[in-house]
Amino acid sequence: MSDATPVRKAKGTVFVQPEVCKGCSYCIEFCPTDCLEFSREFNAKGYHFPVLGRPEDCTGCGLCGLYCPDFAIFGMRFKDIEAAKAASLASHPTR
Amino acid sequence: MTADPKGVLTGVHFLDGDHAACEGALAAGCRFVSGYPITPSTEVVERFAQRIPMVGGVFIQMEDELAASITMLGAVWGGKKVMTVTSGPGLSLMMEHLGLAYITEAPCVFIDVQRGGPSTGLPTLPAQADMMQVKWGSHGDYEIIALVPDSPQECFDLTIKAFNLAEQWRVPVFLMMDEVVGHMTERVVIPEASAIEITERRWTKKAPGEYRPFDACADGVPAMAKAGDGHRIHVTGLTHDERGWPALTPKSQDKLIRRLTNKIRDNADALADIREDQCEGADVIVVSYGITSRVASSAVLQARAQGLKVGHARLVVAWPFPTTRIAYLATQCRAMVVPELNLGQMVHEVSRAVAGKVPVRLVDHAGGTVHDPKVILDCILGAAR
Amino acid sequence: MSETTLNDDQDLSGLPLVDNPVMPYLRQERIPHIWCPGCGIGTTVNCFTRALEEAALDLDKVAIVSGIGCTGRVAGYLNLDSFHTTHGRAIPFATGLKLANPDLNVVVYSGDGDLFAIGGNHFMHAARRNMDLLVVCVNNFTYGMTGGQVAPTTPIGATQTTMPFGNFENPASLPFLADAAGATFVARWTVFHVRQLTRCFKEALGKKGFRFIEIMAPCPTLFLRRNRLGDGVDMVRQYKERSVLRNGADTKEVAVGMEGDIVVGTFVDRERPTWLEAMNSHFSSVLGDRYRTYGG
Ligand code: SF4
Ligand code: SF4
């Protein structure tokens, strides 16, 4: 059986700022691979916020970040994350 | 610095007040006018439309006065010296953008060629009945500067002064003409460009990031930047802080609105421009402005011919009202006479300044023509008794 | 970004090494914004900023002008030269800004009430003149800032505080208006279509003339709740289900109601000289050497 089901591997991930989330569920609803779900806990404003329930399904496509009206989540491909980190360190040498 | 020769039509001309005001604007460096036709002001924009292609700039006739008065404000932040021109009904529509110009400290000039009102009133006939509207017509507390010419030459000279004051104080400045001054044709001398003093915009010298667009200099006026300079300015009609960001608290309201009003109130004495004629030692002083001054002069001369000591104080700057000087003159005479082409507007300011020291007599007129000098003379004679 | 799910993406100073791609385009000290949970305006801002990034424009030369209302607040959040003007008058303000400094890429970003009720006259004339502006209308069918009154876009039958028994006024079809008035580019998307909208913004930013993009966006607080239409996400799901892509559609046939198709796509894409181009070429031809060609 194992050879019929290839092991899925995440290609990206999400970054969430739980405190600014207003729980509208756009990110969860419109994620093409359905990998986000609501947290069980509440943030300070009383909203459930998204967590990566099935991290292996995340492709890092970034759609959640385009949808989020509160700029509380964004997704990225691992390779873009590495590039962004390098660029960030290069542009802020004092860090 | 002095005027850009491109806009200066040096020479001796025979012009009406509307055309002369347009030449004043061009000489002052105005390169953007957005207008909407309205009698009796239209000749100002007609001449500008004719002249500006050869000077270099833009005239656009907008779809209404609301548009004309805010298109002008957009052009301020694009870096131009700007003007709009109207008369009573259009002025009523412009009131909202007078407020926006004021709170955003946009240097700009409004020309109002006054006609009889209210409403459509007397489109082709004179009045001086917008004097209070320009000071109080937009909502909220504000201060403006208003200049009142009594001849085509002054329409030219005072339009330049209006632009210069707008740049110096970053306030909307009004040129308050009336139909008679607008349409009266007289000799107008336009000097060489090098003889015309121009106040340049006070551009910030600060670098992007350091500059705060509403951080006032010592005189209460902030330096400016325009869109595209890299400062990423934010300009809002909301009450704002030094960064230009909305700050909707009683404290920020108090700070901003007091600074804006004090720019003018604290400098009212320096801004005052009263042309006085034999006021010292007069028994009666006539206080007038605009076209009514010319009619009053005739009455004053007749009164003097009868042996009366009559002074004449003509307000060239109506707003801010020259309270200090009028209060002083009240201590020098026994009565004041205020003729105006309305049923009593600036007379209230005169009375406020005089504060009961001497009687103040209004010679009112509902508009449509100028006073009969005899009516003013009779009032002077009555006041002298 | 003080709390992220991956704490190894912050350096020792606590600053994020990887930031939300929208952030460089925002005045971050002004965030969080004032919009309600599930309000679609923030989503349109993501798409707009992504388009700015992809279009690789010199941001110092992009100016944004808003009127008054919920969408009117967009100008204040974007880290561009930005102008928050009076109700309905963003377009004439933008006209003055653009004409005074033609180097600027001027974007008007406002709501349906602002642009089409109080500001309708200006929209018509700026389109007629082909003023070189990109006008973005976030259409949520209502007046949000003042508490949910009927708008010129409110569909027949919808209840609003000033139409308490249901709206009986015919709403305006915005793309039809824009097309008839002479806009050179007319498109409609919804906040469901984030990728398409981003592409559309980018395309429109690169064009000249009076360009108009209508974006259907939910106002959960004042339109959806009052009409028992659920939450923002329910409306966006409706956009997904009801939208039909029809590029080049006849704008007479794209009106939107409470039910039925929501036609999306680029409806108009044509070229006409802008107001400034027309002025310069006309004056050059009639005035010859006497004309000083205007470039700002
Ligand atoms: S990045 Fe894409 S796949 Fe990953 S959570 Fe966001 S929407 Fe889903
Ligand atoms: S889209 Fe944004 S605000 Fe809405 S639930 Fe997701 S993270 Fe929260």
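The values are calculated or read from the model by the stated rules, or taken from the named source; none is laboratory data. Values in this document were obtained by computation on a predicted structure and should not be read as measured data. Heads up, the Cβs are rebuilt from the backbone with ideal geometry, glycines too, and the neighbour counts pull from every protein chain shown.
Computed values, structure above
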item	result
Criterion (under 27 Å from B:Ala127 (Cβ atoms), among the acidic types (Asp, Glu) and facing chain C (nearest Cβ under 9 Å)) met by exactly one of B:Glu46, B:Glu63	B:Glu63
Hits in segment A:42-61 (condition: surrounded by 22 or more Cβ atoms within 10 Å (Cβ to Cβ) and more than 13 Å from ligand 2 (Cβ to nearest atom))	A:Cys58
Within segment B:79-105, tally of residues that are under 19 Å from B:Leu26 (Cα atoms), within 11 Å of another protein chain (Cβ to nearest Cβ) and touching a Phe, Trp or Tyr at 6+ places or on another chain (Cβ under 8 Å)	4
Criterion violated by B:Cys22 - all others in (1) over 23 Å from the mean Cα position of the chain (by Cα); (2) under 16 Å from B:Ile190 (Cα atoms); (3) part of a helix (DSSP H, G or I) satisfied	(1)
Top-ranked residue in segment A:5-22 [being at the interface with chain C (Cβ under 10 Å from one of its Cβ atoms) and more than 10 Å from ligand 2 (Cβ to nearest atom); ranked as surrounded by the fewest Cβ atoms within 10 Å (Cβ to Cβ)]	A:Glu19
Selection count where residues are within 12 Å of the chain's Cα centre (by Cα), part of a helix (DSSP H, G or I) and within 13 Å of ligand 1 (Cβ to nearest atom), scope segment A:18-66	9
Top-ranked residue in segment C:130-157 [being more than 19 Å from the chain's Cα centre (by Cα) and surrounded by fewer than 21 Cβ atoms within 10 Å (Cβ to Cβ); ranked as farthest from C:Ala63 (Cα to Cα)]	C:Gly157
Listing of strands (runs of 3 or more DSSP E) fully contained in segment B:91-170 that carry 1 or more residues being buried (at least 20 other Cβ atoms within 10 Å of the Cβ) and within 16 Å of the chain's Cα centre (by Cα)	B:108-116, B:145-147
Residues that are more than 7 Å from chain A (Cβ to nearest Cβ) and aromatic (Phe, Trp, Tyr), drawn from segment C:17-45	C:Tyr25
Residue in segment C:270-282 that is buried (at least 20 other Cβ atoms within 10 Å of the Cβ) and either on the phi > 0 side of the Ramachandran plot or away from chain B (no Cβ under 14 Å) (or both) present	no
Selected residue [more than 9 Å from ligand 2 (Cβ to nearest atom), modelled with pLDDT of 95 or more and not acidic (Asp, Glu)] from A:Ser2, A:Ser25, A:Ser39	A:Ser39
Subset of segment A:67-95 [more than 9 Å from ligand 1 (Cβ to nearest atom), outside any loop (DSSP other than H, G, I, E, B) and either basic (Lys, Arg) or buried (at least 17 other Cβ atoms within 10 Å of the Cβ) (or both)]	A:Lys79, A:Ile81, A:Ala84, A:Lys85, A:Ser88
Condition check for B:Ser297: within 19 Å of B:Asp273 (Cβ to Cβ) and small (Gly, Ala, Ser)	yes
Cross-chain or 6+ apart pairs with Cβ under 9 Å, segment B:4-17 first and farther than 16 Å from B:Val55 by Cβ, then loosely packed, with under 13 Cβ neighbours inside 10 Å and among the charged types (D, E, K, R)	B:Val12/B:Arg187; B:His13/B:Arg187; B:Phe14/B:Arg187; B:Leu15/B:Arg187
Cross-chain or 6+ apart pairs with Cβ under 6 Å, segment A:56-82 first and at the interface with chain C (Cβ under 7 Å from one of its Cβ atoms), then among the charged types (D, E, K, R) and within 16 Å of ligand 2 (Cβ to nearest atom)	A:Asp70/A:Lys22
Any chance C:Leu287 is outside any strand (DSSP E or B) and away from chain B (no Cβ under 14 Å)	no
